[in-house]
1. Angle check, please: helix 102-113 long axis (alpha carbons) against the longest principal axis of the chain (alpha carbons), in degrees 0 to 90, nearest 10.
2. Can you put Trp148, Trp353 in order of Cβ neighbours within 10 angstrom, beginning with the fewest?
3. Which shape class applies to region 36-180: rounded if a/c is under 1.5, otherwise prolate when a/b exceeds b/c and oblate if not, where a ≥ b ≥ c are the square roots of the Cα gyration tensor eigenvalues?
4. Based only on other Cβ atoms within 10 Å, what is the fewest-to-most ordering of Val88, Val15?
5. What does the charge count around Val237 come to, taking other residues whose C-beta lies under 12 Å from its C-beta (Lys +1, Arg +1, Asp -1, Glu -1)?
6. How long is the gain from Arg28 to Arg209 if the chain were fully straight, where each residue apart is worth 0.36 nm and the alpha carbon distance is subtracted?
7. Would you kindly state how much longer the chain becomes between Leu91 and Ile79 on full extension, computed as 0.36 nm times their sequence separation minus their alpha carbon distance, in nm to one decimal?
8. Using the Cα gyration tensor of the chain, with a ≥ b ≥ c the square roots of its eigenvalues, what is the shape: rounded (a/c below 1.5), prolate (a/b larger than b/c) or oblate (neither)?
Amino acid sequence: MANPLTPDVLVDPVVLTRALVDVESVSRNEKVIADCVEEVLRRAPNLSVDRHGNTVMARTDLGREQRVVLAGHLDTVPINNNFPSTVVDDLIYGCGTSDMKSGVALALHLAATLPDPGYDITYLFYEAEEIDSQYNGLALVAEAHPDWLVADFAVLLEPTYGVVEAGCQGTLRAMVRTHGRRAHTARAWRGVNAIHAAGEVLRRLEDYRPRTVTIDGCTFREGLNAVRIVGGVAGNVVPDECEVEVNLRFAPDRTEKQALEHVHEVFEGYELELTDSAPGALPGLDAAPARDFLAAVGSEPSAKLGWTDVARFAALGIPALNYGPGDPLLAHAPDEHVEIGKIRDGAATLHRWLASPAGF
Ligand SMILES: [Zn+2]
């Protein structure tokens with residue numbers, strides 16, 4: 001297959017979005033698209049290029065005072081009668097249009113057309129974001145080539161509909177267990193019912209008042225929810241164990257440890273087992289490149305409520321945020337699409353920011 005990412009295509013981020021969508025790249029099938037992207041980057045005289053699996057890194061080395069990362073994942077969720085792309089009026093439909101080939105197009109367009117940016121730029125086009133994190137290209141690179149991620153600030157071009165979404169909430173899952181004593185239900189007075197004992201656990205969840213926390217102008221809404229309940233032995237047995245799985249989404253002013261302590265407090269008196277947790281990320285909007293970026297966008301940031309790869313940068317001490325042309329509500333939807341105007345706005349904003357960081 002000839003590389004569809006020709007110079008004519010690269011100069012127009014809208015045409016480039018379609019071209020990227022039309023290279024199928026469902027997770028674990030990113031080789032072809034990574035080959036195309038790598039070839040484009042290797043043609044650019046100002047970039048040094050490297051590759052790990054199907055993750056491609058390209059960087060300028062202009063001796064600028066600060067370095068920024070522009071990152072996007074190359075994979076998509078499975079196609080769903082939405083491949084290849086189609087255009088209806090000012091909308092491009094197709095798998096990955098919103099999440100996140102329109103964002104990838106912005107980064108690749110800049111890589112090909114901005115030889116002399118005001119910051120040094122590291123471009124990362126990575127594999128396998130949409131599946132289990134053991135395959136995540138950014139995680140693999142953090143292990144194998146941590147130097148590729150070193151920067152003063154990072155932008156992930158995930159769908160945000162053209163607003164800045166900064167930081168992200170942490171997430172923690174735990175099992176709250178109640179115990180009882182088995183008995184035949186015909187002689188239930190000889191047992192202790194563990195499912196009934198879970199009533200108090202549910203009451204505490206019902207009474208729980210989650211915090212709302214504002215950091216750097218971004219408002220994070222926490223939440224504590226039961227997500228599963230398991231108990232019962234048979235239709236004639238008083239059950240001796242019940243498990244309520246709870247999920248805390250916590251603002252990034254709490255560490256994972258503090259979040260766990262909080263859940264212990266809420267369920268004081270109960271057996272509690274941590275099953276999974278991931279840290280949040282502070283917005284980090286006081287870094288100089290972040291301030292310049294916000295000025296270029298010209299609108300207030302909002303908080304990212306889900307967990308995103310932004311947290312992987314935060315874990316390395318690199319402030320990071322999400323900013324992309326796609327609509328997050330359309331990600332993974334069969335009618336996924338992106339507005340052509342949002343792609344053009346995004347390209348103009350990034351050009352403004354990167355062409356003259358001292359201009360604000
Ligand atoms: Zn995505």
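Every number here is computed from the coordinates shown, using simple stated rules; none is lab data. In this text the structure is predicted, and so the values were computed from the model without any measurement. FYI the Cβ positions are ideal-geometry reconstructions off the backbone, even for glycines, and counts take in every protein chain you see.
1. Long axis of 102-113 versus the principal axis of the chain: about 30 degrees.
2. Trp148, Trp353
3. Oblate shape, in that a/c is at least 1.5 and b/c is the bigger or equal ratio.
4. Least to most surrounded, the residues fall as Val88, Val15.
5. Its environment carries a net charge of +2.
6. So the extension gain works out to 61.0 nm.
7. Going from the current span to full extension adds 2.5 nm.
8. Prolate is the answer for the chain, as a/c is 1.5 or above and a/b outweighs b/c.
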